[in-house]
Structures are given as C-alpha cells and as structure tokens.
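J.: The structure is given below, and queries will be raised subsequently.
Each reported figure results from applying straightforward, stated rules to the coordinates on display, with no laboratory input. Just so we're clear, the structure is a prediction, and the values are computed from it rather than from any experiment. Glycine gets a Cβ as well: all are built from the backbone with ideal geometry, and neighbour counts include every protein chain shown.
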Amino acid sequence: MNTKLHAVADAEGRPLSFFMTAGQVSDYTGAAALLDDLPPAQWMLGDRGYDADWYRDALQAKGITPCIPGRKSRIMPVKYDKRRYRSRSRIEIMFGRLKDWRRVATRYDRCLTSSSPLWPSPPPSSSGYDQRVLTLGMIIVRHDLKS
C-alpha cells in the first residue's frame, strides 16, 4: 500500500501546506485540494504530474503564473521557463529532509488523523516568507503491511 504526500513550499523550500492521498489516486486530486490554500505568489513550479489545463487556468485566475512542463502526451507543447523550473529542486530537498526525520521516514503514524500534527500549518501572511515563488511537489511513501 502506498500513499502520496503532496506539498506546497515557498521559494526557500519551507513547507506551507500538505495533502495526503492514496498511492493510486491521480496527482490532480492533490493539486485540487491544495489549490484553495495557496498563498499569494507570482509563480507556481510543479512537475509534469500536475500538468492540466484546468489547473493552469485556476492558477492564472488566482494571479499565479504556472511554470509546469507539459506531459509528453500533449499534442501542443506548453511553454515554461526552464531556468526558473530548476528552482523546483528546493521542494525535493524539503522532502529529503522530511524523510531524514525518523518519524516520517519510518512511518510510525500510518493514517492521516494520527500524522496530521506532524505537518506544520501555513505561516501567517506577515511571516515574511518569499511570496514570489511557490513549489508544488509530491512524494510517494510505501507502507510495509507486515508490522
């Protein structure tokens, strides 16, 4: 059994919000769940799994410019800022730090209700985080059913 952890981080790689889905659920579900909680930003960096026209339109309606490469199966390629997209590595570094944290890496708390205190709540708007760039990412956690 797998779960996916979808996250939004600021430009410094600090987590702002999380959403957990089942492993077989589409990435669009996590993107839709996190869409309402997005703080003001100029850019949203995301991987190909979050490439959807409705998601791009929703981001632009919030005043956020999407920087998401198109899926390989797209008929019309999508333009995105490749130089800015390189900054998406910050969310991968954030996930690496979370996995290093023993409680998350070993998954002692296996359900969302018992692990929700682990995830920090979004900072207040006056916290001084970089409001220019947000990063959307996902990590898959495998559950060992034998324990």
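J.: Suppose the filter is over 21 Å from GLY13 (Cα atoms), polar (S, T, N, Q) and not in a loop (DSSP other than H, G, I, E, B); does GLN60 pass it?
T.: Criteria met by GLN60.
J.: Looking only at segment 21-38, count every residue that is surrounded by 18 or more Cβ atoms within 10 Å (Cβ to Cβ) and in contact (Cβ under 8 Å) with a residue 40 or more places away in the chain and tell me the total.
T.: 5
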